[in-house]
1. For A:T226, A:T126, what's the fewest-to-most ordering of other Cβ within 10 Å of each Cβ?
2. Please list, or write none, the lysines whose alpha carbon is within less than 26 Å of the alpha carbon of A:K143, excluding same-chain residues fewer than 8 places away.
3. Can you tell me, using C-alpha contacts under 8 Å and at least 6 residues apart, the relative contact order of segment A:75-132 as a whole percent?
4. In deg cm²/dmol and to the nearest 500, what is the mean residue ellipticity at 222 nm of chain A if only DSSP H runs of at least 4 residues count, each as -39500 (n - 2.57), divided by the residue total?
5. Can you compute the charge dipole magnitude of chain A about its Cα centre, using +1 on each Lys and Arg Cβ and -1 on each Asp and Glu Cβ, nothing else charged? Give it in debye, rounded to the nearest 20.
6. Rounded if a/c is under 1.5, else prolate if a/b beats b/c, else oblate: with a ≥ b ≥ c from the C-alpha gyration tensor eigenvalues square-rooted, which is chain A?
7. Would you kindly state the longest site-free stretch of chain A, with sites defined as trypsin sites (Lys or Arg not before Pro) in a DSSP loop (not H, G, I, E, B) surrounded by at most 15 other Cβ atoms within 10 Å?
8. Evaluate the relative contact order of segment A:96-158 (contact order divided by residue number), counting alpha-carbon pairs under 8 angstrom at least 6 apart; express in whole percent.
Amino acid sequence: MCGRYNIIPDTETWPREFSLSAGSVSRIDTMKPNYNVCPSADIPIVRYDPGSRQMELSLAHWGLVPSWSKQRSVAYRMINARAESAAEKPAYRESFRWRRCVIPANGFFEWERSTGSGSKQPYLVTLQAGTVFGFAGLWDCWKDPGDDGSLISCTILTTCANSLMQNIHDRMPVILARAHYSKWLDPVSRDSGALLRPYSSKRMRVSAVSPYVNNPRNNNARCIQTLEGQGIHG
DNA sequence: CCAGACGTTGTT
DNA sequence: GTCTGG
DNA sequence: CCAGACGTTGTT
DNA sequence: GTCTGG
């Protein structure tokens, strides 16, 4: 699954990676690195805007609140959606059909199935190339009955683990190849479920990091500092 | 008909 | 155990 | 995801 | 909103 990740906004690489509109490019400057992105954070998402026919970068609350939900608090259980079933689940199917997004990330954290003693061991998972990548995501819009505001929220799709990730966990977030972003974001493409596959083990890297990242209040480069000689290789 | 769920993960 | 906050 | 709270009364 | 269970 994916319950924690990191983002380093970059005006050099993001515009080309995500084919962003000019307005969206200027928005990158306002975003700060987040080494420890937690559920309920406001996170950058990339959506296709049919009006301008361009990719737009905006913010969404991590934890999808379905439009019909009575309570905002359901969000904490909606941080991930199973790619295998999201098209059918009441909470996700309208978003799966009409409201897809790509969620920029530089790496994500997974915790090893608790091995008994001590604190939970976190691992940082990145691309071998070290570059930014995009999760497959869904978003929705929820009107708060208590006030005038509406909330844009999102979730990250998960799939089965590849052989590398299998060492830690049996699920992993869906990482899209750059060439597949536009196909994923186009609601008209009906075979897009085929894109929701585990990313290639060969292009990923898993490194042990300090349990410092476990505490959601910690947010600095130490969160992504890998421990020497404690990687896992496929 | 109305009431209540609608989710994922991991652990047992 | 379960929910909230980060 | 993990960490931390989870309660009331009265006093500062 | 829509579906299931009673």
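Read-outs throughout are calculated quantities, based only on the coordinates presented, and are distinct from any laboratory measurement. Note that the structure is predicted; figures quoted are calculated from it, not measured. Positions of Cβ are generated from backbone atoms using ideal geometry, with glycine treated the same way; all protein chains shown enter the neighbour counts.
1. In increasing order of surrounding Cβ atoms, one gets A:T226, A:T126.
2. Within the straight-line cut-off, A:K143 pairs with A:K70, A:K89.
3. Over segment A:75-132, the number comes to 25 percent.
4. That comes out to -2000 deg cm²/dmol.
5. 400
6. Because its axes are fairly even, with a/c under 1.5, chain A counts as rounded.
7. Between exposed loop sites, the widest span is A:121-189.
8. Result for segment A:96-158 is 33 percent.
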